[in-house]
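Written below as structure tokens is the structure these notes are about.
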Amino acid sequence: MSMGLSYVRELDEYPTGARRMKILTMAVLAVLIGSYEAQIAPVVPLLLKDLDMSLATYGAVSGAAAVAGALASALGGRLTDRLGRVRLLVPLMLLTALCCFAMTLVHSSRDLLIARIVLAFVDGVAMASTAPLVRDFSPRLGRAQAFGFWTWGPVGANFLAAAVAGWTLPIFDDSWRSQFVIMGCFSLVISIVIALNIADLSPELRAQIQHTERQSSSIVDLTRPARATSLFVRRNIWAHVVGISLWLVLYITLTLFGQTMLVGALGITAAEASTIMACFWSLNLITLIVAGRLSDRTQLRKPFTLGGTVAAVLVTAYLASLLGGQGVSSGMLMVVGALLGGSLGVAYGPWMANYSEDAEDVDPRLQGTAWGLFGFLTKAIAVVGLLVIPHVVEATSWQTWLVVSLVCLALFAPAVFLFHGPWRRERAETVDGSEARVAVAE
């Protein structure tokens, strides 16, 4: 193990067993904390009242912060490939904790705009290291499940922020500033824990493809520089990029406006809508891990991605038909919501593994660049959603927008056929003395 900067532990041998899992856990924990720091939803009503700010102004502030975060993701992805994951992640995580404390100094909408843009930018650059870290420390035989856990971060952050606010706001006389002090303290402590336990692979190890903990292969000439352009001349990479942009339209719609859509279209209460969305997220979290594990055991990605997407298309079509009716029971909506969340979860984890592996096959040294682009797309779709969805719904209806989302989701299906990777398993062979299925059919 070589040492560069004092906080960077650089490994010259690929870690195995508990040591590898510990580093992977730190990467997932970093996603949770980074996502938690971005949470502001639980205190928005208090914030608007205290700063005498309109909802439209808050929407503009959120949109500006999302744009800053999108640009930061693209920049951070490129930097993490050049500088290393930990060298970028550790100091920026500490800086985001300080940004949380800075939120307590906000006294006007202008202050809020500056604070949210700075936090979104720093957080965006920092979080760009996390998906490449998951790739670095998850061999292909466990990658879909590892990315499933990575996806838990943003969802877990929603629950964490809501739970902490519900518990502590009454203690601090409903002061919204209290939440950012708690957030800053929590983030600072966890950032130090991560810094003491995380490590980076040497550039030579990052340039390899790890099939199992002990079996790897190298496909690049290390004397040749890694060029981002080599990613974008590949048809399969463009299929991933364009395809997931379409897929995310429905996902972002449900994330940003799930409860609002149900209340506006069906006239149910906000509490009922939250219960239905809780069913969506609960099954989504479960299928992310279960489908990821099955995808890893079979070493198949595309069948899970396509199957989950087709199921989600069918469930979304049924949900769209329900939005046009009246008297739909909450029980039925909970089942439909759970099935939709579960279907999307089946598709998502294996897609992330597929994208990682297809980018890895081009050049393993460009994982940060590939995931930085993904982070940019995710936040860009959110910006579009914040700006476009309310206007479309106002002019038409929630049912119309759900149909638009459905069409986008359906258009993702043809893109799957352009991804690399097998559709079925054909033979088994032994790796490291254990039985491993190897998929060989295109």
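Structure notes:
- Residue within the range 357-376 that is closer than 15 Å to residue 245 by Cα, surrounded by 18 or more Cβ atoms within 10 Å (Cβ to Cβ) and of a type in the set (S, T, N, Q) present: no
- Remark: pairs (first residue in the range 180-195, closer than 21 Å to residue 41 by Cα; second residue open to solvent by 10 Å² or more (accessible area, probe 1.4 Å) and of a type in the set (Ser, Thr, Tyr); Cβ separation under 6 Å; 6+ apart in sequence or on different chains) = 180/104.
- Among the candidates 304, 280, the residue that is under 19 Å from residue 413 (Cα atoms) and either touching a Cys at 6+ places or on another chain (Cβ under 7 Å) or crowded, with 20+ Cβ neighbours inside 10 Å (or both) is uniquely 304.
- Candidates 69, 63: the one that is within 27 Å of residue 375 (Cα to Cα), among the small types (Gly, Ala, Ser) and crowded, with 18+ Cβ neighbours inside 10 Å is 69.
- The condition of being assigned to a helix (DSSP H, G or I), aromatic (Phe, Trp, Tyr) and farther than 20 Å from residue 419 by Cα holds for residue 257.
- Checked against the criteria, residue 160 counts as modelled with pLDDT under 85, part of a helix (DSSP H, G or I), open to solvent by 20 Å² or more (accessible area, probe 1.4 Å) and not basic (Lys, Arg).
- Within the range 422-442, considering residues that are part of a loop (DSSP other than H, G, I, E, B) and of a type in the set (A, V, I, L, M), the one modelled with the lowest pLDDT: 440
- Options 148, 153, 184; residue that is small (Gly, Ala, Ser), open to solvent by less than 10 Å² (accessible area, probe 1.4 Å), over 28 Å from residue 78 (Cβ atoms) and part of a helix (DSSP H, G or I): 184
- Residue match in the range 118-139 (condition: of a type in the set (S, T, N, Q), open to solvent by less than 20 Å² (accessible area, probe 1.4 Å), closer than 17 Å to residue 36 by Cα and under 16 Å from the mean Cα position of the chain (by Cα)): yes
- Annotation: residue 82 fulfils all but one of (1) surrounded by fewer than 20 Cβ atoms within 10 Å (Cβ to Cβ); (2) within 21 Å of residue 183 (Cα to Cα); the unmet one is (2).
- Looking at the range 330-421, the helices (runs of 4 or more DSSP H) lying wholly inside it that each contain 3 or more residues that are charged (D, E, K, R) sit at 330-362.
- Taking the range 155-182 as the range and being under 20 Å from the mean Cα position of the chain (by Cα) and hydrophobic (A, V, I, L, M, F, W, C) as the test, the residues that pass are 155, 157, 159, 160, 161, 162.
The values are calculated or read from the model by the stated rules, or taken from the named source; none is laboratory data. Everything quoted here is computed from the prediction, not taken from an experiment. For neighbour counting, all protein chains shown are included, and Cβ atoms are generated from backbone atoms with ideal geometry for every residue, glycine included. Note: areas computed on protein heavy atoms with side chains; ligands, DNA, RNA excluded. Shrake-Rupley method; radii C 1.70, N 1.55, O 1.52, S 1.80 Å.
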